[in-house]
Amino acid sequence: MTTVLQSKARVATSTDVVEGSSGLSAEEKERLIENLNIEVTNHRRRYEAFLEQLLEGFSLRHGMEVMRIPKSIRHMKMKDFDRFGGNVQACVQAIAKQRVAESEGEANEKKRKWQTAIHEAGLEEERALKTRKQPFVHLFTFEWCH
């Protein structure tokens, strides 16, 4: 009986070893590899789309955070901003004080210009009065001239 079983038993060849112990043919393996490539490609595309959405969301949040910073500070150099220790409120207050001082300086300058203009107008009138020509009679027409 053992001899019968041995004769009916299949002897493994070198091609069976290459096909693997799973019993898959080369054609089945190629189909599995193609399916795996399709799945990997699909998974990569979904992952890239997810990363793109994540990046877009980050960019929007970043833009909103930047817009929350006052415009005067956004245009400031980091070196100047660092003088206030990175404190936005202190920086805004200092800028406001500087603007008030500048506007007061401009107001005083305008006031001085206005006062100077009035003073110069008065001086011109005095000069005009001092250098005013006396009326005389024109010899040929006998008209009064100034």
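Things to note:
- Unique match (being part of a helix (DSSP H, G or I), open to solvent by less than 100 Å² (accessible area, probe 1.4 Å) and at pLDDT 85 or above) among A101, A107: A101
- Selection from region 28-84 of residues that are basic (K, R) and open to solvent by less than 100 Å² (accessible area, probe 1.4 Å): K29, R74
- So I118, is it at pLDDT 85 or above and open to solvent by 60 Å² or more (accessible area, probe 1.4 Å): no
The values are calculated or read from the model by the stated rules, or taken from the named source; none is laboratory data. Being a predicted model, the structure only gives us computed values, none of them experimental. With ligands, DNA and RNA removed, areas are computed over all heavy atoms of the protein, side chains included. Shrake-Rupley method; radii C 1.70, N 1.55, O 1.52, S 1.80 Å.
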